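See below for the structure under consideration.
The values are calculated or read from the model by the stated rules, or taken from the named source; none is laboratory data. None of these values were measured; they are calculated from a predicted model. Cβ placement follows ideal geometry from the backbone for every residue including glycine, while neighbour counts extend to all protein chains displayed. Side chains are part of the model used for accessible areas, which takes the heavy atoms of the whole protein and leaves out ligands, DNA and RNA. Shrake-Rupley method; radii C 1.70, N 1.55, O 1.52, S 1.80 Å.
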Amino acid sequence: MLQKIREKITGWVAGVILALLAFVFAVWGIDIGFSNQSVAAVVNGDKLPIAPVRQAIQNQMSQLQQAYGAEVPEVLEVQVRDSVIEGFIRNRLLVQRIREEGYRVSDEAVSAGIREMPVFQVNGQFSIDAYRAMLANVGYSPTSFEAEQRQNLQIAQLQDGILDSAFVTPAELERRVRIADEKRATAWLTVPVSAYLDSIDIADDAVAEEYEANADRYMSPESVDISYLEVNLAEIASGVSMTEQDLRDFYDSEVVRDPEMFSTPEQRRTRHILVAVDDNRDEEAALARAQSLLDRVRGGEDFSQVASEASDDTGSASLGGDLDWLEPGMMDGPFEEVLFTMDEGEISEPVRTPFGYHIILLEGIRPGDVREFDEARADLESEYRSRMSEDAFYERAERMSELTFENPDTLRPAAEELGLQIGVIEKMTRGGGSGLAANSEVLSAAFSEDVLKNGENSQPLEIGEGRAVVLRVDQHHEPQPRPLAEVSEEIRDRLQREAARSQVLATGEEALALVKAGGDLESVADQVSAEFSPPLLAGRDDATVPVRIREAVFAASLDADSEAGGLALADGSYAVWVLTDIVPGSLESLSADNQAELRARLAGASGGAELTGYINQLRNDATVVVNTEQFE
Amino acid sequence: MDDYLSEKEQIQAIRNWWKENGAFVIAGLVLGISGLTGWNFWQNYKLERAEAAGAVYSELVAAADRLDLDLASASLETLQSDYSSTPYLAQGRLMLAKLHVSRGDFPAAADQFETIVSQTDDPELEQIARIRLARTLLAADESTRALEVLDLSRAGAFGPRFHEVRGDILLSRGETVAAREEYTRALEGPQDGVIDRQAVQLKLDSLGAAAGESQVEPTGDA
């Protein structure tokens, strides 16, 4: 086989093959078929790498977790996941579109965009060092970051083109105002359910009948009686005792272990002048300038004067270069090294840091200090107490866990060995109660299969910081019919309300018929003892008109059939309304500012909707395969 | 070929092969490299053209912002004569059309949209231009043409918006029943942000209840 190929590789065939190979490798590079990493989705043949998608999902989830303060419901998790993936897909579709169409943003525009990003600025100026450091931090190379920025800018160009060119025509604007600012004149009467309630007597027989007929409405909820053991850090802490000698030993070991806790560091009052090295000034020029400034201050010019006039650190320049008292660890390495070897009153040679050259003036020294035992005593006591009690807490919680696991049918051995009281909560429902019964861990453990059905001790539960609980169910109360005596008031109420509603409805419909037959609303109201609300002119959002009446009035029109209507309100009362006039909104009644604002808002909404359509259409036409397995 | 050639013979074999084929190999390489150079050149050329077009487009946008019609039109002419293969021509037309609308010159705006509809190779931009064309034709009192432009078979994802604008057009012709039908169908579409549903609902409500319909349909809680 190879032999044959070798024989054939002669003449023009060889030439053509070589040319093709050279061309292919030169154009596409050598990573053809080499990108076998996991993909999140394939969009029109483009593979979306999974890492950024995962990262984005994770970021959103952790935000949600903070908002929820606990476990995020799974439904929500799925929603977040899907919407993030969908976002990446749509972004890729736009990327494909800008490539096909040939949108192009220049290098200058890309770099200008990056320079304006606040994250890369130091003292209000773009800093190439900050830029590099920040990118390295999040794992980007400048090339890939710039490519991504270019892509974003190009997408923005396409989108802004659609958004910024949107408009609203005068007729559209006028019609919108006419409809949205329309006012309607209406009056209504209310047949209130409350007026009927008191007059309705419900016989005991009726109550008993309802109790029989709808027994399931009048059940007590399922509940459990539980007993529990709790190991509590705060309690343990209050029981920790210590002798003078314990504390002294503790001090001796802690001073060695954690010297910072017992010492205040040396502080140095510092002024500086910064000569930045940046795009406008190279290394050499900066050093020369620093040297000349140094000569000036050494020659007797006031340091703070020179700093405020010449320092590139704008923040401190306005304070005459003052940086206040500095401690070790607050400044950059080289700056600090020099500062902490200077003598009081000394002015340093130029010091190079990532920002440029600094000239440092040391104004004063506060020596560090080590706190003696007596001074540190209060801190020592609390530190000792928390150290001891935390150890004891974990030890006891651990032991409780062992003992309750070894004796799944009882809490007694654990209680005896650890000297704990067995606590009791009676009639705890699934809805919870106060104290421990309000805790969701406790509730789900108490009603779990192992604890409720099998009668075992629960796992140890962490109830917030420093509390561990093990519980068991002593008794399970199934839902029970509540005794008639207990629920009869509730039943009477319900029946009364139902009866009142039907009376109200009858009266209300009678009133509606009278109004439709041409009766005056106010006199009809009198006639059926309803409350009358006099005519008023209301806009669509006017809350003086109850929302249901408002909706009905704005859906009505000014003809004999539909200028009056009746409806039941949420509390069972009945309303009859009439529509007497319609006043269209007018553009002239809006100030010029408001008109301009509305025009801009409508144009914006129209452009936004068009852009949405653009992307939806791209999405509909795309071939997308989501690699769902990767997200299980 | 023999598998057991001496070193000398091997070298001789290679020499012979090269004598026979060397010219072709070199020609192949030259072809490959020049192909590559040409390709790169072409790519760079396209990028440069696009960047230059983008710069002209920016000038047009700035001119349109200042309501400077002469300058904006001049920029558009440059795009049209020198950069017609870039997307900036269609974008420039959108922007110029907006300027025409703000000056109340609806026929001129419609001309721009019409050109986009017939020339752009961006199918979604074409649909947007169609909607805007229909709206400007309506403003120019050409409702019959406006209706023709909004051919529903071309609506795609813009369906609800097509229906809404058709409703506006029909209403302007006094065809209330047909307009109500269009608004209703707009609202029946997917809730995906292609229309401002509240606004369309308002338009529909403002037509009053249809004959024979009950006017009271309580929704939501009081």
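Would you confirm whether any residue within segment B:52-74 is at the interface with chain A (Cβ under 8 Å from one of its Cβ atoms), in contact (Cβ under 8 Å) with a residue 12 or more places away in the chain and not in a helix (DSSP H, G or I)? Scanning segment B:52-74, I find no residue that is at the interface with chain A (Cβ under 8 Å from one of its Cβ atoms), in contact (Cβ under 8 Å) with a residue 12 or more places away in the chain and not in a helix (DSSP H, G or I), so the answer is no. Across segment A:176-197, the number of residues qualifying as surrounded by fewer than 14 Cβ atoms within 10 Å (Cβ to Cβ) and among the aromatic types (F, W, Y) comes to 0.
Looking only at residues in segment B:199-222 that are open to solvent by 60 Å² or more (accessible area, probe 1.4 Å), of a type outside the set (D, E, K, R) and modelled with pLDDT under 90, the one that is nearest to A:G608 (Cα to Cα) is B:T219. Could you tell me whether A:I200 is within 14 Å of chain B (Cβ to nearest Cβ), open to solvent by less than 40 Å² (accessible area, probe 1.4 Å) and on the phi < 0 side of the Ramachandran plot? Against the criterion (within 14 Å of chain B (Cβ to nearest Cβ), open to solvent by less than 40 Å² (accessible area, probe 1.4 Å) and on the phi < 0 side of the Ramachandran plot), A:I200 does not qualify. If you go through segment B:1-18 one residue at a time, do you hit one that is out of contact with any His (no Cβ under 9 Å at 6 or more places or on another chain), buried (at least 16 other Cβ atoms within 10 Å of the Cβ) and of a type in the set (A, V, I, L, M, F, W, C)? Checked segment B:1-18: no residue is out of contact with any His (no Cβ under 9 Å at 6 or more places or on another chain), buried (at least 16 other Cβ atoms within 10 Å of the Cβ) and of a type in the set (A, V, I, L, M, F, W, C). Among the residues of segment B:102-115, the ones that are crowded, with 24+ Cβ neighbours inside 10 Å and either at pLDDT below 95 or within 19 Å of B:A74 (Cβ to Cβ) (or both) come to 2 in all.
Whenever a residue of segment A:401-412 is in the same structural domain as A:V451 (by TED's automatic domain parsing), its partners that are open to solvent by less than 50 Å² (accessible area, probe 1.4 Å) and of a type in the set (S, T, Y), lying with C-beta atoms within less than 7 angstrom and at least six residues away or across chains, give the pairs A:L411/A:S227; A:L411/A:T404.
Of the set (1) in contact with an Asp or Glu (Cβ under 8 Å, 6 or more places away or on another chain); (2) buried (at least 16 other Cβ atoms within 10 Å of the Cβ); (3) within 30 Å of A:V193 (Cα to Cα); (4) within 11 Å of chain B (Cβ to nearest Cβ), all apply to A:A570 but (2). The residue list A:E402, A:E465, A:E406 contains one member that is under 34 Å from the mean Cα position of the chain (by Cα), over 23 Å from A:V224 (Cβ atoms) and surrounded by fewer than 17 Cβ atoms within 10 Å (Cβ to Cβ), which is A:E465. Residue count for segment A:539-558, restricted to those that are open to solvent by 20 Å² or more (accessible area, probe 1.4 Å) and at the interface with chain B (Cβ under 7 Å from one of its Cβ atoms): 6.
Remark: B:S118 matches the filter, which requires a residue to be under 19 Å from the mean Cα position of the chain (by Cα) and surrounded by fewer than 17 Cβ atoms within 10 Å (Cβ to Cβ). Six or more apart or on different chains, Cβ atoms under 6 Å: show the pairs whose first residue is in segment B:134-161 and over 18 Å from B:Q112 (Cα atoms) and whose second is open to solvent by 40 Å² or more (accessible area, probe 1.4 Å) and part of a helix (DSSP H, G or I). That search, which allows pairs on different chains as well, returns B:A157/A:N620. Restricting attention to segment A:378-389, does a residue exist that is in a helix (DSSP H, G or I) and in contact with a strand residue (DSSP E or B) (Cβ under 9 Å, 6 or more places away or on another chain)? Within segment A:378-389, not a single residue is in a helix (DSSP H, G or I) and in contact with a strand residue (DSSP E or B) (Cβ under 9 Å, 6 or more places away or on another chain).
Across segment B:78-86, not a single residue is classified as over 28 Å from A:E100 (Cα atoms), open to solvent by 50 Å² or more (accessible area, probe 1.4 Å) and facing chain A (nearest Cβ under 9 Å). Considering only residues in segment A:86-108 that are within 35 Å of the chain's Cα centre (by Cα) and polar (S, T, N, Q), the one that is nearest to the other protein chains (Cβ to nearest Cβ) turns out to be A:Q96.
Evaluating A:D31 against the criteria (1) at pLDDT 85 or above; (2) under 25 Å from A:V138 (Cα atoms); (3) acidic (D, E) leaves one unmet condition, (1). If the condition is being open to solvent by 30 Å² or more (accessible area, probe 1.4 Å), within 11 Å of chain A (Cβ to nearest Cβ) and more than 25 Å from A:R619 (Cβ to Cβ), then segment B:168-198 contributes B:L171, B:S172. Against the definition (more than 30 Å from A:Y394 (Cα to Cα), open to solvent by 20 Å² or more (accessible area, probe 1.4 Å), aliphatic (A, V, I, L, M) and modelled with pLDDT of 90 or more), how does A:L512 come out, yes or no? Yes. Just one of the listed residues (A:E212, A:E230, A:E235) is assigned by TED's automatic domain parsing to the domain that holds A:G455 and open to solvent by 40 Å² or more (accessible area, probe 1.4 Å), namely A:E235.
Restricting B:G92, B:G35 to those that are touching a helix residue (DSSP H, G or I) at 6+ places or on another chain (Cβ under 7 Å), within 10 Å of another protein chain (Cβ to nearest Cβ), modelled with pLDDT of 90 or more and under 16 Å from A:Q157 (Cβ atoms) reduces the list to B:G92.
Scanning segment A:240-258 for any residue that is in contact with a strand residue (DSSP E or B) (Cβ under 9 Å, 6 or more places away or on another chain), of a type in the set (K, R) and not assigned by TED's automatic domain parsing to the domain that holds A:L411 turns up nothing.
Yes/no matrix, rows are residues, columns are (1) under 28 Å from the mean Cα position of the chain (by Cα); (2) within 14 Å of chain B (Cβ to nearest Cβ); (3) polar (S, T, N, Q):
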position	(1), (2), (3)
A:E116	yes, no, no
A:Q121	yes, no, yes
A:I128	no, no, no
A:R132	no, no, no
A:N137	yes, no, yes
A:S141	no, no, yes
A:E148	yes, no, no
A:Q159	yes, yes, yes
A:D164	no, yes, no
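If you check A:V473, A:V424 for being of a type in the set (V, I, T), touching a residue at least 60 places away in the same chain (Cβ under 8 Å), in the same structural domain as A:D391 (by TED's automatic domain parsing) and open to solvent by 60 Å² or more (accessible area, probe 1.4 Å), only one passes: A:V424.
Selection over segment A:80-120 of residues that are surrounded by 14 or more Cβ atoms within 10 Å (Cβ to Cβ), in a helix (DSSP H, G or I) and free of Cβ contacts under 8 Å to residues at least 12 places away in the same chain gives a count of 3. Of the residues making up segment B:20-68, just one is of a type in the set (V, I, T) and surrounded by fewer than 12 Cβ atoms within 10 Å (Cβ to Cβ), namely B:T37. Filter segment A:585-632 down to the residues that are within 14 Å of chain B (Cβ to nearest Cβ) and of a type in the set (D, E), then identify the one that is surrounded by the most Cβ atoms within 10 Å (Cβ to Cβ). That would be A:E610.
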